[in-house]
Amino acid sequence: MTYPQLKITFLGTGTSSGVPMIGCHCEVCSSTDAKDKRLRSSILVQSAVTTLVVDTTPDFRYQMLREKVDKLDAVIFTHPHKDHIAGLDDVRAYNFFFKKPMEVFANSLTEAGLRREFMYIFSDKRYPGVPTVKLNHINDNPFWVGDILVEPILVHHLNMPVLGFKFNGFTYITDANRIDELEKVKIKNSTVIVINALRKEQHISHYTLREAEEIVNDLKIPNAFFTHISHQMGKHEDVNKCLPDNRKLAWDGLTLHI
Ligand SMILES: [Zn+2]
Ligand SMILES: [Zn+2]
């Protein structure tokens, strides 16, 4: 099988509060650089025939409008934290235009979270106009979304298991602070990795910039972009200046062709 060419678009690269953060007037939150404006973390993955998003953030509606995503085939979820699922309600627009449920791929933990947070979507008595979704159960095994083969990578977010996803040579990992050796083997041959780096100071459930750099260097992955970034990281340009050419902070709207 030849893997289809993919276009990856960073829909958001910010941590759970986004950048700027409400009420904050630090130099990052006050910056006029467009690259210091970070919506919540998500990517769009597109082949010639299939379009999917990884996670539906609280900014999902605006992200779909900004990137002019008129057709969406599926949502694949990493984990059930609010900043990764909150936008699910807005798949209603796709239900309306395509007259079918949205294909949603989630593991058991995320499914339980979705059923809890979006009770009305899964209730037997459905209010007219609520979103319709078709749940596809995923675990550690690779799965297909249209013509795109997706390989789950299990990572740890303190005590919560989170799924990263590998698309041929491209790996996307968000919300991790630990990866088991066996899972590292799966991502070793990536040519591009996106991995979370919250800030420079230690954090209980996220990699720091230094830790994220160490992992991608250890695994000898040629190109890396960091995401899920806090205002505490510093200004985009200042931080990027200190990073090597092949290890950079991602930014909202960045596209890659894989
Ligand atoms: Zn998150
Ligand atoms: Zn701030």
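Points worth noting:
- Panel note: the C-alpha atoms of segment 107-186, placed on their principal axes, show extents of 46, 33, 16 Å (largest first).
- The gain in end-to-end length when the ARG178 to CYS24 segment is fully stretched comes to 52.5 nm, 0.36 nm per residue minus the alpha carbon separation.
- P(r) tail fraction, segment 1-149 - alpha-carbon pairs more than 27 Å apart, %: 25
- Packing-based exposure ordering (other Cβ within 10 Å, fewest first) of TYR207, TYR127, TYR120: TYR127, TYR120, TYR207
- Cα-based reach from LYS241 at 20 Å (exclusive), listing aspartates and glutamates while leaving out same-chain residues under 8 positions away: GLU27, ASP33, ASP36, GLU201, GLU211, GLU213, GLU214, ASP252
- The order of MET233, MET119, going from fewest to most other C-beta atoms within 10 Å of their C-beta, is MET119, MET233.
- Distance violations [Cα-Cα > 20 Å] among LYS186/LYS220; LYS35/LYS200; LYS166/LYS200; LYS166/LYS220: LYS166/LYS200
- With a threshold of 26 Å on the Cα-Cα distance, the over-threshold entries among LYS7/LYS71; LYS37/LYS188; LYS37/LYS68; LYS71/LYS235 are LYS37/LYS188; LYS71/LYS235.
- Relative contact order, whole percent, for segment 68-171 stands at 24, derived from Cα pairs under 8 Å and 6 or more residues apart.
- Over every Cα atom in the chain, the radius of gyration and the widest Cα-Cα span, Dmax, amount to 17.6, 55 Å.
- Taking every DSSP beta bridge that has both ends in segment 1-59, the antiparallel portion is near 90%.
- Neighbour-count order for CYS29, CYS242, CYS24, fewest beta carbons within 10 angstrom listed first: CYS242, CYS24, CYS29
- For the chain, DSSP calls about 50 percent of its internal beta bridges antiparallel.
- With 0.36 nm allotted per residue and the present C-alpha distance subtracted, the GLN5-PHE143 stretch has 47.9 nm of extension available.
- Across segment 26-106, the fraction of Cα-Cα pairs farther apart than 22 Å, rounded to a whole number, is 27%.
- In degrees, nearest ten, helix 209-218 long axis to first principal axis of the chain (Cα): 90
Throughout, read-outs are computed from the coordinates displayed, never taken from laboratory work. These figures come from a predicted structure and were not determined experimentally. Heads up, the Cβs are rebuilt from the backbone with ideal geometry, glycines too, and the neighbour counts pull from every protein chain shown.
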